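This report refers to the structure that appears directly beneath it.
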Amino acid sequence: MSQSAKHLPGVDQLLRSAAGRILIDEFGRTRVARVIAETLSRARRDIATTDLELPSDDTLLANTRSVLSAANPTLKTVLNLTGTILHTNLGRASLPQVALDAVQRVAGSPSNLEFDLETGKRGDRDQPLEHLLKEITGAEAATVVNNNAAAVMLVLNTFALGQDVPVSRGELVEIGGSFRVPEIMMRSGCRLVEVGATNRTRRSDFKAAITDQTAMLMKVHTSNYQIQGFTESVAEKDLAALAHEFGLPFMTDLGSGTLVNLSQYGLPPEPTVQEAVESGADIVTFSGDKLLGGPQAGLIVGTAKAIALIKQNPMKRALRVDKMTLAALIAVLKLYLTPETLVAHLPTLRDLARSEAEIKQFGDALLPAVTAQLGHDFDAALVNAKSQIGSGALPIDLLPSWAIAISARGTPHPNEAIMSLATRLRQIDTPILGRITGSRLLLDLRTLYQPELLLAGLKTVNAG
Ligand SMILES: *Cc1c(COP(=O)(O)O)cnc(C)c1O
């Protein structure tokens, strides 16, 4: 050991210092003592092997703090001003208050999750949900699993294990990299039979593909892209009729699956679950946390016969949802029983239906305060923007919106200045996420309801 390492303080001395005591309050004595000991032995090694000077107590404690802080994982809430409403990386739909209350109730207490209070016997955890989904969608039966990818796997595995499933070449979609129809089909244990061409698939293509190895027909809603131009696809009701002609079940994977007609809110239409049921689909799958605005879940509605078979598949047990998801989902579905008040109560629809005029008015009122917080180095302006729904819903139709555009002032390197601002905005307590286009940072106001959080964040960044 070199001469100077002897002058390092001991663990106890650092623990007793003012900064040490603050660390103990925050992280607990055991962890702080362990990390201080590690910091000291690192310092000893550095001194022995390099010409580094003896670190001060403050430096040692600062190093200790940064190790402890880095090992303090937590999910932070963020301000999503990216313009993508249902952002998969940001947790998709925000739940309404009734759902948060329901989650809190069942999470902290036993509940009748799978217990029939009338008979005192074991109950079915899907039952309350099934009740609601039947009433809302008109389907005979329903069940739920962890997410829509799981729903699709479970349906394929139930009806087509070791058998063929014809799907249109125009519908072999990939959603966000981890869900690709061909791969999901293989892992579900069935064989994909590609039918038709990328841009055109006809009823006769499907008919020609049906053999004694065919287990079912499947349609996948191409939710995150559109094929335009010389195109043709087979309508749900025609595919359902064809499947039934051969005694096969027909499933449609809607992906987003909305339960209300979106055009009443001035939004581009998206196929509804009710329409899919009416068209004769035996099984319809859709996500809980896309347009529906609920928790992550995969909903399956369909005929009583099909749903009964799905529920008997042992994989259903492996994919089942927990009580918190169920509680949230039931609370959200209940809102759909009074569609006239849906926009007022469901955050996802509130965001989608917020009018461009209202966003502009909100932005006009907010701009001076934003400009004031930005100081001399940045400018802000209110500009037209396009929000998107995200999560593969309505990909083409962008929603007209307004954004605060921040640009750098008086620097030869505006791009770097904006990148640096965006980085600092990600590092505050409630990170603020926008999107960078060119040398501007756009903060889409469609999803902003708490301007005080934005202003406080800008102030923090500016002070630092
Ligand atoms: C989003 C989507 C899925 C996957 O749903 P998750 O709930 O994300 O698992 C499957 N199919 C389609 C058509 C989708 O749009």
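No lab work stands behind these numbers, since they all come straight from the coordinates. Note that the structure is predicted; figures quoted are calculated from it, not measured. Ideal geometry is used to build each Cβ from the backbone, glycine not excepted, and the neighbour counts take in all protein chains shown.
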Task: Cα-based helix-to-principal-axis angle, 18-27 vs the chain, degrees rounded to 10 - done: 10 degrees
Open item on the list: Per residue, how big is the convex hull of the range 118-202 when only Cα atoms are used? Give it in Å³.
Closed with: 152 Å³
Task: Structure-based [θ]222 nm, the chain - -39500 (n - 2.57) summed over DSSP H runs of at least 4, per residue, nearest 500 - done: -13000 deg cm²/dmol
- [ ] For the range 97-342, just list the percent of Cα-Cα distances falling in each 5 Å bin from zero outward, please.
- [x] 1, 6, 13, 18, 19, 16, 11, 7, 4, 2, 1, 0, 0
- [ ] Read phi for every residue in the range 202-208 and hand back ³J(HN,Hα) as whole Hz from Karplus 6.51 cos²θ - 1.76 cosθ + 1.60, θ = phi - 60°, with x for Gly and Pro.
- [x] 10, 4, 5, 5, 5, 4, 5
Open item on the list: As a quick test, which of the pairs 219/386; 76/316; 237/323; 334/386; 134/386; 290/316 have an alpha carbon distance above 28 angstrom in this structure?
Closed with: 219/386; 76/316; 237/323; 334/386; 134/386
TODO: Determine the equivalent ellipsoid of the range 46-106 by diagonalising the alpha-carbon gyration tensor, then write out the semi-axes as square roots of 5 times the eigenvalues, largest first, rounded to whole Å.
DONE: 45, 16, 9
Task: Equivalent ellipsoid, the range 5-127 (semi-axes from 5 times Cα gyration tensor eigenvalues, Å) - done: 50, 21, 13
Task: Backbone HN-Hα couplings from phi across the range 313-330 [Karplus 6.51/-1.76/1.60, Hz, Gly and Pro as x] - done: 5, x, 5, 4, 5, 6, 10, 5, 8, 8, 5, 5, 4, 4, 4, 5, 5, 4
- [ ] Determine the relative contact order of the chain: mean sequence separation of Cα pairs under 8 Å and six or more apart, normalised by residue count, in whole percent.
- [x] 18 percent
TODO: For residue 214, enumerate residues with amide H under 5 Å from its amide H, sequence gap 5+ or separate chain, H modeled in the peptide plane.
DONE: 164
Task: Radius ratio Rg over Rh of the range 4-70, counting only Cα atoms, Kirkwood formula for Rh - done: 0.96
Task: Descending Cα extents along the principal axes, the chain, whole Å - done: 89, 53, 47
TODO: Extending each Cα 7 Å along its Cβ direction at residue 11 and residue 124, get the distance between those two points in nm, one decimal.
DONE: 5.8 nm
Task: For the range 158-173, Karplus couplings with θ = phi - 60° (6.51, -1.76, 1.60), whole Hz, Gly/Pro x - done: 6, 9, 10, 4, x, 10, 8, 10, x, 9, 4, 4, x, 10, 7, 7
Open item on the list: Cα atoms only: what Rg and Dmax, in Å, come out for the range 88-143?
Closed with: 14.4, 44
Task: Degrees separating the helix 97-107 axis from the principal Cα axis of the chain, which is the longest one - done: 80 degrees
- [ ] Starting from the amide H of residue 84, placed 1.01 Å from N in the peptide plane, find each other amide H under 5 Å away whose residue is 5 or more places distant or on another chain.
- [x] 388
Task: Helix 127-137 axis, angle to the chain major axis (alpha carbon atoms, nearest 10°) - done: 70 degrees
TODO: Count charges around residue 432 for me, please; just the other residues with Cβ under 14 Å from its Cβ, Lys/Arg as +1, Asp/Glu as -1.
DONE: +2
TODO: Obtain the radius of gyration and the Kirkwood radius of the range 378-464 from its C-alpha atoms and give Rg over Rh.
DONE: 0.99
